Amino acid sequence: MTSPPEDPPLPISEDARESALRRLQEGYAQGHVPHEEMDGRLHQVLTATTHGEIVSALASLPAEVDTTATISAATGRIRRRGAWRVPRTLKVESAFGTVRLNLSRAVIEHPVVDIELQLGTGGARITVPRDAVVDVDDLRTGWKPLRYAARRRSRPGGPKIRISGTVGYGRLKIRHARR
């Protein structure tokens, strides 16, 4: 009896490769990767064709910490702008008020950032970096439709911003930074 053919391995996404490179650099800076091994591990990640090769290059590193932050307000304004550090997952909750998130000059350390919105009434505006890719597939709007025009072309290397959740009685506007 012959065994069924194995599925070919899935190609490695650029997000996964960039995340592995970032983890290696952080591990080196924290002393988890010896200087003598760094070049070999970088080469292994850059030339990897399977996920197993990436996993073996990261084997001695501590587990990655998934950062999550929650910003909530019953009423009033939620505002983040300037050079603020964006966590891997940002939960924004507002019952009655406005939300202004400006990520154009923010410190984004993750290739993918999830923004989970739970908004009651009031408007929200999110400004993303110029080269960001925005995914709004898991976003539900109640009263007014989403206002977002996707960029025709974005430069490679920008973060992916996934916006999900619910916007009740208000409008969500998403735009790319001009510079």
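The values are calculated or read from the model by the stated rules, or taken from the named source; none is laboratory data. Just so it is clear, the structure is predicted and the values come from calculations on it, not from any experiment. As a convention, Cβ positions derive from the backbone with ideal geometry for all residues, glycine included, and neighbour counts pool all protein chains shown.
So, in segment 33-45, how many residues would count as being surrounded by 12 or more Cβ atoms within 10 Å (Cβ to Cβ) and out of contact with any Lys or Arg (no Cβ under 7 Å at 6 or more places or on another chain)?
Taking segment 33-45 as the starting set, the residues that turn out to be surrounded by 12 or more Cβ atoms within 10 Å (Cβ to Cβ) are 33, 37-38, 41-42, 44-45.
Checking which are out of contact with any Lys or Arg (no Cβ under 7 Å at 6 or more places or on another chain) leaves us with 37-38, 41-42, 44.
Residues flagged as surrounded by 12 or more Cβ atoms within 10 Å (Cβ to Cβ) and out of contact with any Lys or Arg (no Cβ under 7 Å at 6 or more places or on another chain) within segment 33-45 amount to 5.
Considering (1) charged (D, E, K, R); (2) more than 27 Å from ARG22 (Cα to Cα); (3) in contact with a Lys or Arg (Cβ under 9 Å, 6 or more places away or on another chain), the lone condition that GLU93 does not fulfil carries the number (3).
For ALA69, are the conditions met, namely being exposed (fewer than 14 other Cβ atoms within 10 Å of the Cβ), in a strand (DSSP E or B) and either among the acidic types (Asp, Glu) or touching a residue at least 12 places away in the same chain (Cβ under 8 Å) (or both)?
Details: exposed (fewer than 14 other Cβ atoms within 10 Å of the Cβ): yes; in a strand (DSSP E or B): yes; either among the acidic types (Asp, Glu) or touching a residue at least 12 places away in the same chain (Cβ under 8 Å) (or both): yes.
Considered against the rule, which asks whether it is exposed (fewer than 14 other Cβ atoms within 10 Å of the Cβ), in a strand (DSSP E or B) and either among the acidic types (Asp, Glu) or touching a residue at least 12 places away in the same chain (Cβ under 8 Å) (or both), ALA69 comes out as yes.
Among the conditions (1) modelled with pLDDT of 90 or more; (2) in contact with an Asp or Glu (Cβ under 8 Å, 6 or more places away or on another chain), PRO111 misses just one, which is (1).
Quick one: count up the residues across segment 34-61 that are among the hydroxyl-bearing types (Ser, Thr, Tyr), more than 14 Å from GLU14 (Cα to Cα) and in a loop (DSSP other than H, G, I, E, B). Walk me through how you get there before you give the answer.
Step one: filter segment 34-61 for residues among the hydroxyl-bearing types (Ser, Thr, Tyr), giving 47, 49-50, 56, 60.
Those left that are additionally more than 14 Å from GLU14 (Cα to Cα): 56, 60.
Right, trim to in a loop (DSSP other than H, G, I, E, B) and you get 60.
Result for segment 34-61: 1.
Residue-level check: of (1) over 26 Å from VAL133 (Cβ atoms); (2) in the same structural domain as PRO129 (by TED's automatic domain parsing), ARG80 misses just (1).
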